[in-house]
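Below is one structure, written out as structure tokens, with a few remarks after it.
The values are calculated or read from the model by the stated rules, or taken from the named source; none is laboratory data. Keep in mind it's a predicted model, so treat the numbers as computed, not measured. Quick reminder, even Gly has a Cβ in these numbers, built from the backbone with ideal geometry, and neighbours come from all protein chains shown.
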């Protein structure tokens, strides 16, 4: 065995290290428990290396020692001690690993710290300065370490973090591995409490693949099942793991477990909770993915992994290849997660589609809980082809309450010569059913998707098309596109219906416009009405009437765009008004009738601006109507 150097050596930290230690000691007091995670991670790395040497058949000092991490606490002396049986460090490794670190990593860390002071927790792990976080809680640190090589002696490293450190020979009876003794600051004495350390271990290091014992009791008893083959994990294990990782009491609706090697190696285990907390008033969920690197949790709400429309998903993502100890630019680091995210999102959406095909009852429950959130992904063009088939809607073909159809189902049922997918939005199914713009579609038996969720007005236009079929709102549809679709049943017109020319009707429409003034953009003959006398339709290209309302509600200062009024030239009411117009174009009754008809279509449109005037006109029309009725009764006598 080689002999240790006999003298005490004094070393000075690099200038950047001194700057870093000053920041850690005086400015970085948010999330001070991070030092527990970092020391445990370092210990686990050392144990991995020692175990690898053992597997290779290389001789180890103290070969009978168990591979484990021990933490001992002393409240009275304010001591936190962590000990591992790993590979240990030589004299030169102490100098190189503890006394210096890569300049680029240090300087980049300090730069990022200044720019992102609120995210100190993640910055420490990303830039490989984890050991130095111990000075957030300790005012003096002693390291006693002995390498795994049986012939190499132990050394002791001591520093108060003020700019220098000492190295001296360690005890002759030191065991293999490293012991770090932290003399805690007065304001950090909670780290000598067992509860505090247990909480930190469960938060960050619960899945480290070596026993972590605190005062002799093993804390990390939950295994990292996401790293095990799917065939080795039982259903009950998945359910129990979900309850643990998501802090839930209910079992998940579904889960997906897979590993990938390209473009980067990682493991993922994702769950869908049974209850949507947003829907029951808990506010918008944070992204629920726990990001692990080598089984150590580095972010419990990793926003880079899943997009916002999958924020209801819970689970873990773990990779050995994510660069935490980095000296590269942040954008390069993010490229790794971007590649992982794209793979995970694609695989998860495929999992949902497979579930929809093979387990429709389960998928229906998922859609009922999270459909509205999923539809927020309409702008994710990278995954549009996998996301759109998952959408579900009510439909004019649905007779069962709560039934939904997919866009794929709709396309399969399209009528011959039908070129587009049609939808209509409204507050309720009942309100949509009564919308006059549907009449020509009902007559031609063209299926229409009923959209009662405001997000539908963004989602469907956002998709633009599905299966090469454009998505169009009924009130914006080009009716010439459906002229060739024959009605299933031709409606017979009343025998007494008078012959009326289009010119006569257009003259009446101009009189309507004169009466209504700037309340309407124009009045035209309708090609969409079958049973109703009139309807209002939007005039903004590409925007449905419902979208115009939503935009008006979001921007109160913006006036509602004027509507176009369409009148049904085959309706008896329009014929009667035409007769009155032809007899007396300035008839007060005609004006009153047009005003009242306009009020009725405004009511159907759902945008009442002056209810008092509307009520007054209705009462006046009732007065005139009852007078005419009473006059007819007298003439009959």
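Checked against the criterion of being free of Cβ contacts under 8 Å to residues at least 24 places away in the same chain and in a loop (DSSP other than H, G, I, E, B), the candidates 499, 430 yield just one match: 499. Of the strands (runs of 3 or more DSSP E) contained entirely in segment 277-322, those carrying at least 3 residues that are in contact with a strand residue (DSSP E or B) (Cβ under 7 Å, 6 or more places away or on another chain) and over 17 Å from residue 345 (Cα atoms) fall at 296-299. Restricting attention to segment 216-229, the residues that are in contact with a strand residue (DSSP E or B) (Cβ under 6 Å, 6 or more places away or on another chain) and outside any helix (DSSP H, G or I) add up to 2.
Being within 36 Å of the chain's Cα centre (by Cα), modelled with pLDDT of 90 or more and assigned by TED's automatic domain parsing to the domain that holds residue 69 holds for only one residue in 196, 158, 144, and it is 196. Annotation: of all residues in segment 167-193 being over 43 Å from the mean Cα position of the chain (by Cα) and in a loop (DSSP other than H, G, I, E, B), the one that is surrounded by the most Cβ atoms within 10 Å (Cβ to Cβ) is 176.
Within segment 521-545, the set of residues being in contact (Cβ under 8 Å) with a residue 60 or more places away in the chain, in a loop (DSSP other than H, G, I, E, B) and within 19 Å of residue 510 (Cβ to Cβ) comprises 527, 529, 533.
Report yes if some residue within segment 254-275 is part of a loop (DSSP other than H, G, I, E, B), closer than 28 Å to residue 31 by Cα and either free of Cβ contacts under 8 Å to residues at least 24 places away in the same chain or more than 26 Å from the chain's Cα centre (by Cα) (or both); otherwise report no. Looking for residues that are part of a loop (DSSP other than H, G, I, E, B), closer than 28 Å to residue 31 by Cα and either free of Cβ contacts under 8 Å to residues at least 24 places away in the same chain or more than 26 Å from the chain's Cα centre (by Cα) (or both), one finds none in segment 254-275, hence no. Exactly one residue among 90, 85 is farther than 23 Å from residue 204 by Cα, at pLDDT 90 or above and surrounded by 17 or more Cβ atoms within 10 Å (Cβ to Cβ), and that residue is 90. Pull up segment 198-228, narrow it to residues that are touching a helix residue (DSSP H, G or I) at 6+ places or on another chain (Cβ under 7 Å) and farther than 26 Å from residue 317 by Cβ, then point me to the one that is surrounded by the fewest Cβ atoms within 10 Å (Cβ to Cβ). Top of the filtered list is 215. A single entry from 213, 243, 239, 202 fulfils the requirement of being within 39 Å of the chain's Cα centre (by Cα), part of a helix (DSSP H, G or I), over 21 Å from residue 132 (Cβ atoms) and in the same structural domain as residue 64 (by TED's automatic domain parsing): 202. Scanning segment 558-590 for residues that are assigned to a helix (DSSP H, G or I), in contact (Cβ under 8 Å) with a residue 60 or more places away in the chain and more than 54 Å from the chain's Cα centre (by Cα) yields 575, 577, 578, 581, 582, 590.
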